[in-house]
Amino acid sequence: MKSEINHSLSVAKPDSSHISIKQKIAVSFGLIGLFVFVLYAFNVPLGSNPIWLTGSLLFIALGVILFANDLYSKKLEGIKNDKVWFYSISSRGILGWAAGIMLTGFYIVLYFFEELLGQGVNGAPNTGLIALFDPLSFLLKGKPASQWFVYGTLYTLAILIFGYKFLLKYRHNRYQQLRTISVMFFQLGFAYLIPEFMARLNEQPQYNLPYYDLKSMWPLNYYLFDGWSVDSFISSGTLGIGMLIFGVVSIFIISPILTYKYGKRWYCSWVCGCGGLAETAGDSFRQLSNKSIKAWKIERWLIHTVMVFSIIMTVAVIYSYLGDDSKNYWLTKGLFISLVIIILSAIFAWTIIFKRKEFGKDAKYGAIGYFVTITLLVTLHFTGTTNHIFYIPSWELRSAYGVYIGAIFSGVIGTGFYPILGNRVWCRFGCPMAAILGFQQRLFSKFRITTNGGQCISCGNCSTYCEMGIDVRAYAQKGENIVRSSCVGCGVCSAVCPRGVLKLENDSQKGRINPNEILLGNDVDLMTLVNNK
């Protein structure tokens, strides 16, 4: 196939950004599929024939695939992030704001007004949009659909079809190909199909497995240690106990080992569903992330506050269903709180003693976080009861966490604001899992992005397309390794670099953190500098 080469030397707007005839046809296919959703949302009597659902999903998928083929297949291999600032959808234009408002509205309805989607109540049959998905739900788990089944289906479809677009766009880069296939696989299998099969398995009396995404670890899976969840695992026999043990082992053994070897990218860019949606459906908005110092400061305070809140909430929930009598319970409330404080104190002491240099100026903020956490845990021990946490009913506090963090932050803002704030709002500012993995990555991982400052031409591609708001160019200009807690190792900065300045590496920790300052000719004695090296 002959590739189209743009011969224009213009540095402004070399050609029209209007879409082609084939792309218009592709958009029409997608709109037809979405129109079926709209008809069902307004309860137009079309019936529950599976043909309607199959047709609408196929038209949406076909529209994205045809659009991607026409957009990328005729171009030379290489990153084609050109024109993103000229399209309304990807530059906070009218279409971008419209898309953001519609996505946000969908999430608000999904989380708080599911009856508007047609969710049946008290045994009543589903209607509207949810009824459209009943045939697929019966096929997979033998039950009518719910708003979460609708959401899971659309979420998975988005990752798969936009994943195809991403694969076509980055077809020259093996790393991007592998990690995209990985997130597509984990979303389809572990987050969608297996939980549905588990729901069907629960029809047998010996199983009462909780319905959850198998790859979602604590603290993302914040209800793993809830009383009802633990009881469900235990009552399901060997399979349930094995899944509970796997969940605990994933937190304390599997995750730290993989983070040590590969950095947080093993999860955030290869496994996580939130990251998978951001990398595929949100790829067109990655350049919208804020790179300012102010945004970075807000990010660090906000994400670590959520992390501390997640830890306290989890400890409080476990504390609430433990006993006080040491004769009847080997793990009492007091012993549990003491063990948690000892573990956190050991981590803090190890960090300060052996990793003080890596912590740098952030050591004092880490100390503040540690003492706040310990204070809250001690307060919990003296004020907590079976039904109350910090004098607040435990179910209300847990519900508030689910609404404000799990729903509004990760859903409404985290995904709905893609076209406005970029595709990693939740991962950057709110995800407690990202905070924990980032802490591990910063202090004892072998992963880093190395830079060759002598080759950098300061084009700014790397910073522009960093979805986590890192000013990559500033590191490249100094020849400084990028070892940031927030870096998810997506590798796009390396992929868009025209000079090969950036390289993702796993190596020894020696020399991993090498802070350098930009040297100006009159500010330093070069011979003294060379001798000190």
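For Glu77, the stated conditions do not hold, so it cannot be described as more than 19 Å from Ala281 (Cβ to Cβ), modelled with pLDDT under 90 and either surrounded by 15 or more Cβ atoms within 10 Å (Cβ to Cβ) or among the hydroxyl-bearing types (Ser, Thr, Tyr) (or both). Within region 9-39, the set of residues being surrounded by 10 or more Cβ atoms within 10 Å (Cβ to Cβ) and at pLDDT below 90 comprises Lys13, Pro14, Asp15, Ser17, Ile19, Ser20, Gln23.
Yes/no per residue for (1) without any contact (Cβ under 8 Å) to a residue 60 or more places away in the chain; (2) out of contact with any Phe, Trp or Tyr (no Cβ under 6 Å at 6 or more places or on another chain):
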| site | (1), (2) |
| --- | --- |
| Val84 | no, yes |
| Gly93 | yes, yes |
| Trp97 | no, yes |
| Val109 | yes, yes |
| Gly118 | no, yes |
| Leu129 | no, no |
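The set of residues in region 226-251 that are of a type in the set (Gly, Ala, Ser) and not in a helix (DSSP H, G or I) contains only Ser236. There is at least one residue in region 135-144 that is small (Gly, Ala, Ser), over 22 Å from the mean Cα position of the chain (by Cα), within 20 Å of Thr54 (Cβ to Cβ) and surrounded by 17 or more Cβ atoms within 10 Å (Cβ to Cβ). Scanning region 23-34 for residues that are within 22 Å of Met102 (Cβ to Cβ), in contact (Cβ under 8 Å) with a residue 12 or more places away in the chain and not hydroxyl-bearing (Ser, Thr, Tyr) returns Gln23, Ala26, Val27, Phe29, Gly30, Leu31, Ile32, Gly33, Leu34.
Conditions tested, residue by residue: (1) more than 21 Å from Pro432 (Cβ to Cβ); (2) among the aliphatic types (A, V, I, L, M); (3) surrounded by fewer than 18 Cβ atoms within 10 Å (Cβ to Cβ).
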position	(1), (2), (3)
Ile181	yes, yes, yes
Phe186	no, no, no
Pro205	yes, no, yes
Tyr222	no, no, no
Cys268	no, no, no
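Is it true that Asn221 is closer than 21 Å to Trp426 by Cα, in contact with an Asp or Glu (Cβ under 8 Å, 6 or more places away or on another chain) and of a type outside the set (A, V, I, L, M)? Yes: the conditions hold for Asn221. Of the numbered criteria (1) at pLDDT 85 or above; (2) part of a helix (DSSP H, G or I), the one Lys291 fails is (2).
Residue-level check: of (1) part of a helix (DSSP H, G or I); (2) under 19 Å from Ala278 (Cα atoms); (3) in contact with a Pro (Cβ under 9 Å, 6 or more places away or on another chain); (4) among the small types (Gly, Ala, Ser), Gly105 misses just (3). Do we find that Lys83 is at pLDDT below 90, surrounded by fewer than 15 Cβ atoms within 10 Å (Cβ to Cβ) and within 30 Å of Tyr465 (Cβ to Cβ) in this structure? Considered against the rule, which asks whether it is at pLDDT below 90, surrounded by fewer than 15 Cβ atoms within 10 Å (Cβ to Cβ) and within 30 Å of Tyr465 (Cβ to Cβ), Lys83 comes out as yes. Screening Leu443 on (1) out of contact with any Asp or Glu (no Cβ under 8 Å at 6 or more places or on another chain); (2) within 23 Å of Cys427 (Cβ to Cβ); (3) surrounded by fewer than 22 Cβ atoms within 10 Å (Cβ to Cβ) shows it passes everything except condition (1).
Would it be correct to say that Ser310 is touching a residue at least 40 places away in the same chain (Cβ under 8 Å), assigned to a helix (DSSP H, G or I), of a type in the set (S, T, N, Q) and under 29 Å from Gly163 (Cα atoms)? Judged against the criteria, Ser310 is not a match. Remark: Ala145 matches the filter, which requires a residue to be among the small types (Gly, Ala, Ser) and outside any helix (DSSP H, G or I).
The set of residues from region 432-475 being of a type in the set (S, T, N, Q) and either touching a residue at least 24 places away in the same chain (Cβ under 8 Å) or under 23 Å from Asp283 (Cβ atoms) (or both) comprises Gln440, Gln441, Ser445, Thr450, Thr451, Asn452, Gln455, Asn461, Ser463, Thr464.
Taken over region 476-505, the criterion of being at pLDDT 90 or above and either part of a strand (DSSP E or B) or exposed (fewer than 13 other Cβ atoms within 10 Å of the Cβ) (or both) is satisfied by Ile482, Leu502, Lys503, Leu504, Glu505.
Need at least 1 residues that are touching a Phe, Trp or Tyr at 6+ places or on another chain (Cβ under 8 Å) and within 16 Å of Ser269 (Cβ to Cβ) per element, so show me which helices (runs of 4 or more DSSP H) inside region 398-457 make the cut, counting only ones lying wholly within it. Those helices (runs of 4 or more DSSP H) span 425-429, 432-444. Restricting attention to region 325-345, the residues that are of a type in the set (Asp, Glu) and surrounded by 11 or more Cβ atoms within 10 Å (Cβ to Cβ) add up to 0. Looking only at residues in region 154-177 that are without any contact (Cβ under 8 Å) to a residue 60 or more places away in the chain and touching a Phe, Trp or Tyr at 6+ places or on another chain (Cβ under 8 Å), the one that is surrounded by the most Cβ atoms within 10 Å (Cβ to Cβ) is Thr156. Of Leu344, Leu380, all but one fail to be touching a residue at least 60 places away in the same chain (Cβ under 8 Å), of a type in the set (A, V, I, L, M, F, W, C) and touching a helix residue (DSSP H, G or I) at 6+ places or on another chain (Cβ under 8 Å); the exception is Leu380.
The values are calculated or read from the model by the stated rules, or taken from the named source; none is laboratory data. As the structure is a prediction and not an experimental result, all values here were calculated from the model. When we count neighbours, we look across all protein chains shown, and the Cβ atoms used for this are built from the backbone with ideal geometry, even at glycine.
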